[in-house]
There are 2 protein chains.
Amino acid sequence: MKKSALQAARASYQPKLPVEISGAVTVVEGKPTTSVADQDEIKKLFPNTYGLPEITFERASADRKQGEPINVGVILSGGQAPGGHNVISGIFDGIKSINKQSRLYGFLMGPGGFVDHQYIELTSDIIDQYRNTGGFDIIGSGRTKLEKKDQFDKGLEILRKLNISALVIIGGDDSNTNAAVLAEYYKEIGAGVQVIGCPKTIDGDLKNNVIETSFGFDTATKVYSEVIGNIQRDCNSAKKYYHFIKLMGRSASHIALECALQVQPNVCIISEEVEAKNMTLDDVVQQIADVVAYRAAKGWNFGTILIPEGLIEFIPAIKKLIAELNDLLASKGAEFAKVEADKQREWIIANLSADNAKIYESLPAGVARQLSLDRDPHGNVQVSLIETEKLLSEMVAKRLGEMKVAGKYNGKFSPLHHFFGYEGRCADPSNFDADYCYALGFNAACLIEAGVTGYMSSVRNLTLPSVQWKAGGIPITMMMNMERRNGELKPVIQKALVKLDGKPFLEFASKRKEWAENTCYMYPGPIQFWGPAEVCDRTTMTLYYENK
Amino acid sequence: MKKSALQAARASYQPKLPVEISGAVTVVEGKPTTSVADQDEIKKLFPNTYGLPEITFERASADRKQGEPINVGVILSGGQAPGGHNVISGIFDGIKSINKQSRLYGFLMGPGGFVDHQYIELTSDIIDQYRNTGGFDIIGSGRTKLEKKDQFDKGLEILRKLNISALVIIGGDDSNTNAAVLAEYYKEIGAGVQVIGCPKTIDGDLKNNVIETSFGFDTATKVYSEVIGNIQRDCNSAKKYYHFIKLMGRSASHIALECALQVQPNVCIISEEVEAKNMTLDDVVQQIADVVAYRAAKGWNFGTILIPEGLIEFIPAIKKLIAELNDLLASKGAEFAKVEADKQREWIIANLSADNAKIYESLPAGVARQLSLDRDPHGNVQVSLIETEKLLSEMVAKRLGEMKVAGKYNGKFSPLHHFFGYEGRCADPSNFDADYCYALGFNAACLIEAGVTGYMSSVRNLTLPSVQWKAGGIPITMMMNMERRNGELKPVIQKALVKLDGKPFLEFASKRKEWAENTCYMYPGPIQFWGPAEVCDRTTMTLYYENK
């Protein structure tokens, strides 16, 4: 692998460990825990791993003693996030510090590799190639869901064969839910295999009272903020375009909110607010059009609009329309298939309830067609295919046209569109993520040494310098509640949405009028690995405000 | 203006000047110059500024003496490029080093501000806010073409009023051509105003034997390479997508070539090669499909394809089709307007010559419709609206389908699309561009002090450390030839296309088979301002290979 100059120089970065786990550790057990909700149901489903105590590590006065060698397996699950390679190098260094004979095995291309027995041994030669780099390419990732007993049993075969006694699953909320189920199962059958989870996702929606942030969120949002900042500077130089910028994050708007706090755009839509206020698509369009008109009156025909990827699915009226469309096309699909192309729109309008027909009619023709024609293998409308940034700018343009006729707008509106997602998921981890991930991995090794299972690796106090972070473990069941998934009540880790009474959102809400009516753009610039600490080592605005 | 942490820290960066102009300078005149072609015509058009000598500056042994104060005007012309603010701060520091009473005036929103007398005085308070930052927002830019005598006369009024005796025009090839015309005119009428040009454009197409590169190309291509590298790492982690990545650069493919040399993608199309080899769109599609099929046979259904924005206009057959379409819709526009929407395609095919009809038929329906419907105010087809990245991936998908039927391909093809342009034009300038731009500006002040006009600021030996760069001035007429523009023969600076016998292209051509058949991705990472010199101070691969 030929390395870029930056990679070559960055390879020698030594992530800073929390001081508690940088030598011999003492395990401190807290009180028994309970799940965030539905305690009785969760307890019943996890008889062997429910109610375990929270664990914290303290620095022992003695020197670190060599323990027995231990073989560990690791799985990368789901979408990429910057820092995954550092979690793995942290686990590697952690188990080697227990005993040099310890071995680390990586299962290939996600949970599928665990079930199908595809793996490699991760030796120091390999690990050293990937320290402080982005991507999940060291072993690959995948989206196979690890949730059935036959998968668990199949996986156990390879664990036995390789003499692996602990498995680390690096993933998002669903993958960690599955890690808890697997831990419970292995405990129940006496398999003698510990399961430890690590909180990963750029979306930032795996967090709670005990997990301050998921890894990757810091780096990804910095990359997006870099390019949005650059676009804003262009926007403010040329003064002639409206940039509609869609950002990853289907199930929560943390990314859009964090970027907004970093770049101070003219508009940022937060899906959770749209849902909570029961806003219609029309309301969102009017909100943007009003900002455009206000700025035009000042002579400014330029601006930036941030849009979370999942917006459409948060709009209550659109959700209802989609639900009815799914039902309609399921029940009358055969009839619809016979309708001529240029009559399909009419047919759908005629067959929908009055409210939904009206909403369907208000959508631009292309989007409406997409909703009725492009369906997934289960026959469902594919909301994710809708280019929300274009849908909104098209509807805003139409609205501005109406406002012009009514004498309420007089300006030029030239929209440009962007979508940022893949640009940030595999970026080189920032100093924060490099340290955080390495600590999460090293700490996972400490949890393994402590003999626990069904825990998530937890590193906290993240707004302090990394050596002052606190390390420990949280029983995964503690984060669970019961939710309906595909019609079935299941124990799952609560997904963290943007809290409308949380400090990051309140900060945004208190500033957005000023940002809309003026040009307050910030230009964060590219992630720096060297240089002043206030540039290199700062973490997210979200963490900053949450801890302020 | 609230500053990001990076901006605050970066403000104190002191660009390194070439040692020759860092103190008192001696002006060394070379031999009289001639234009690159059409010497007689150019000489006739520029009787007062043709044949001037090239100028180099040498370090004088004496200390720098204070000269007379001088008032200078500056204009940013055309699209943004990283480093424009440093050119301006270089001019500012340069004229202040001549005499502290010198003043710098910035004309607002491009050449239009010069003609309309919109300006501000650029004082140190303002300048210091913009040192080492991206964007052109200090005075804005615009695309008004400065080419008519009444504009020149109108501009002269404000120059007189402000007692400005020198004007610096920061722009691309056309803007510098106009600077030469303006210089000639002011000389001819004895206006007593010098005109100096500075070579700006991220496209990299303003360069020649005496101008090694235009500013902004270094930074912009580094930003694009950063995000493409990140996408490649994602691509190589998920192993399931083909990323079609379009890059800015309509009239030349330098950006795509430079990015390819930095990131080593699976495919990069170079428009100049497509034209030189008289390739059809079908040839380009087949070339990509062959790479996809080859990789699929190895089990790899992922890859990256770089596409220059201007590709379509370089394909000879498409150029002919567009020319005929323009003629057809001009001559039979009224008839076409009456054709029903669903009959338009047929009508066009029936009215085109056989060859062009065949090409038109081969285009995806959406693109074909765009070609016939979306025309600019002059009635011309708007080639720039075509989403080339989607056009290609759609045609590749179709071709792969045919190859599958023929048993020549067996794989999955999931394309994703990106376009990078606005992300790089206003990025914070790299150390290279920060130094280069500051030197170009400071050097422009030296040229003003030397009393010359019709020169371009020239800083050379750019692969050496910046203190060793050579500074001087090149008569703009030296870079000119006669070209047909809008039907008229005009003296213009030759646009620099990618040379197919140049070392950067030859390096790419020698490696592309290996990059296509394997996965050799490089991950350059974000621009670094601090840290090891080999990371922070390296310039482009293009300059590296050109000087190797």
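The values are calculated or read from the model by the stated rules, or taken from the named source; none is laboratory data. Since we're looking at a predicted model, the values are computed, not measured. Cβ coordinates were reconstructed from backbone atoms using ideal geometry, including for glycine residues, and neighbour counts include every protein chain displayed. These accessible areas exclude ligands, DNA and RNA; they are computed on the full protein's heavy atoms, side chains included. Shrake-Rupley method; radii C 1.70, N 1.55, O 1.52, S 1.80 Å.
Annotations
- Leading residue by the ranking (nearest to the other protein chains (Cβ to nearest Cβ)) among those in segment B:496-511 that are within 26 Å of B:Glu423 (Cα to Cα) and either in a helix (DSSP H, G or I) or open to solvent by less than 30 Å² (accessible area, probe 1.4 Å) (or both): B:Phe508
- Considering the conditions (1) of a type outside the set (Ser, Thr, Tyr); (2) under 30 Å from B:Phe136 (Cβ atoms); (3) not in a loop (DSSP other than H, G, I, E, B), A:Pro265 is excluded by exactly one of them, (3).
- In this structure, A:Arg369 does not qualify as part of a loop (DSSP other than H, G, I, E, B), within 14 Å of chain B (Cβ to nearest Cβ) and touching a residue at least 24 places away in the same chain (Cβ under 8 Å).
- Residues located in segment A:148-206, provided they are closer than 15 Å to A:Val115 by Cα, over 25 Å from the mean Cα position of the chain (by Cα) and among the aliphatic types (A, V, I, L, M): A:Leu156, A:Ile158, A:Leu159, A:Leu162, A:Ile164
- Restricting A:Phe419, A:Phe432 to residues that are open to solvent by 50 Å² or more (accessible area, probe 1.4 Å), at pLDDT 95 or above and either within 14 Å of chain B (Cβ to nearest Cβ) or under 30 Å from A:Leu462 (Cα atoms) (or both) narrows the list to A:Phe419.
- Test for B:Pro465: is it in contact with a helix residue (DSSP H, G or I) (Cβ under 6 Å, 6 or more places away or on another chain) and open to solvent by 10 Å² or more (accessible area, probe 1.4 Å): no
- Selection within segment B:512-521 - part of a loop (DSSP other than H, G, I, E, B) and either crowded, with 23+ Cβ neighbours inside 10 Å or more than 14 Å from chain A (Cβ to nearest Cβ) (or both): B:Tyr521
Yes or no, residue by residue, for (1) away from every other protein chain (no Cβ under 14 Å); (2) at pLDDT below 95; (3) closer than 26 Å to A:Arg143 by Cα:
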residue: B:Tyr186; (1), (2), (3): yes, no, no
residue: B:Ile189; (1), (2), (3): yes, no, no
residue: B:Gly197; (1), (2), (3): yes, no, no
residue: B:Asn208; (1), (2), (3): yes, yes, no
residue: B:Ile231; (1), (2), (3): no, no, yes
residue: B:Arg250; (1), (2), (3): yes, yes, no
residue: B:Ile255; (1), (2), (3): yes, no, no
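- The set of residues in segment A:285-310 that are within 18 Å of the chain's Cα centre (by Cα) and open to solvent by 10 Å² or more (accessible area, probe 1.4 Å) contains only A:Glu309.
- Candidate set from segment B:16-42 (those that are more than 30 Å from B:Asp537 (Cβ to Cβ) and without any contact (Cβ under 8 Å) to a residue 60 or more places away in the chain); member that is nearest to the chain's Cα centre (by Cα): B:Gln39
- The lone exception for B:Ile231 - which of (1) open to solvent by 10 Å² or more (accessible area, probe 1.4 Å); (2) assigned to a helix (DSSP H, G or I) it fails: (1)
- Every residue from segment B:174-222 that is closer than 18 Å to B:Gly84 by Cβ, of a type in the set (Asp, Glu) and open to solvent by 10 Å² or more (accessible area, probe 1.4 Å): B:Asp174, B:Asp203
- Selected residue (only one of B:Asp128, B:Asp153 is open to solvent by 10 Å² or more (accessible area, probe 1.4 Å) and touching a residue at least 12 places away in the same chain (Cβ under 8 Å)): B:Asp128
- Among (1) touching a helix residue (DSSP H, G or I) at 6+ places or on another chain (Cβ under 8 Å); (2) outside any helix (DSSP H, G or I); (3) crowded, with 24+ Cβ neighbours inside 10 Å, the one test that B:Ile474 misses: (1)
For (1) touching a strand residue (DSSP E or B) at 6+ places or on another chain (Cβ under 7 Å); (2) of a type in the set (Ser, Thr, Tyr), each residue gets a yes or a no:
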{"position": "B:Arg295", "(1), (2)": "yes, no"}
{"position": "B:Gly299", "(1), (2)": "no, no"}
{"position": "B:Leu325", "(1), (2)": "yes, no"}
{"position": "B:Glu335", "(1), (2)": "no, no"}
{"position": "B:Asn356", "(1), (2)": "no, no"}
{"position": "B:Tyr360", "(1), (2)": "no, yes"}
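- Positions within segment A:190-209 being within 19 Å of A:Ile448 (Cβ to Cβ), in a loop (DSSP other than H, G, I, E, B) and either of a type in the set (A, V, I, L, M, F, W, C) or touching a residue at least 60 places away in the same chain (Cβ under 8 Å) (or both), in sequence order: A:Ala191, A:Val193
- Flag if A:Lys358 is without any contact (Cβ under 8 Å) to a residue 40 or more places away in the chain, open to solvent by 50 Å² or more (accessible area, probe 1.4 Å), part of a helix (DSSP H, G or I) and under 30 Å from A:Phe508 (Cα atoms): no
- Of everything in segment B:234-243 that is within 15 Å of B:Leu306 (Cα to Cα) and open to solvent by less than 10 Å² (accessible area, probe 1.4 Å), the residue that is farthest from the other protein chains (Cβ to nearest Cβ) is B:Tyr242.
- So A:Arg485, is it under 25 Å from A:Val195 (Cα atoms), more than 14 Å from every other protein chain (Cβ to nearest Cβ) and not hydrophobic (A, V, I, L, M, F, W, C): yes
- In this entry, B:Val405 is excluded by the filter for residues that are away from every other protein chain (no Cβ under 14 Å) and surrounded by 17 or more Cβ atoms within 10 Å (Cβ to Cβ).
- The sole residue among A:Gly424, A:Gly451 that is open to solvent by less than 70 Å² (accessible area, probe 1.4 Å) and within 14 Å of another protein chain (Cβ to nearest Cβ) is A:Gly424.
- Unique match (being part of a helix (DSSP H, G or I), surrounded by fewer than 20 Cβ atoms within 10 Å (Cβ to Cβ), in contact (Cβ under 8 Å) with a residue 60 or more places away in the chain and under 27 Å from the mean Cα position of the chain (by Cα)) among A:Glu389, A:Glu313: A:Glu313
- Residue check, A:Ile139 open to solvent by less than 10 Å² (accessible area, probe 1.4 Å), within 14 Å of chain B (Cβ to nearest Cβ) and of a type in the set (A, V, I, L, M): yes
- Scanning segment A:524-548 for residues that are within 7 Å of chain B (Cβ to nearest Cβ), open to solvent by less than 30 Å² (accessible area, probe 1.4 Å) and in a helix (DSSP H, G or I) returns a single hit, A:Val535.
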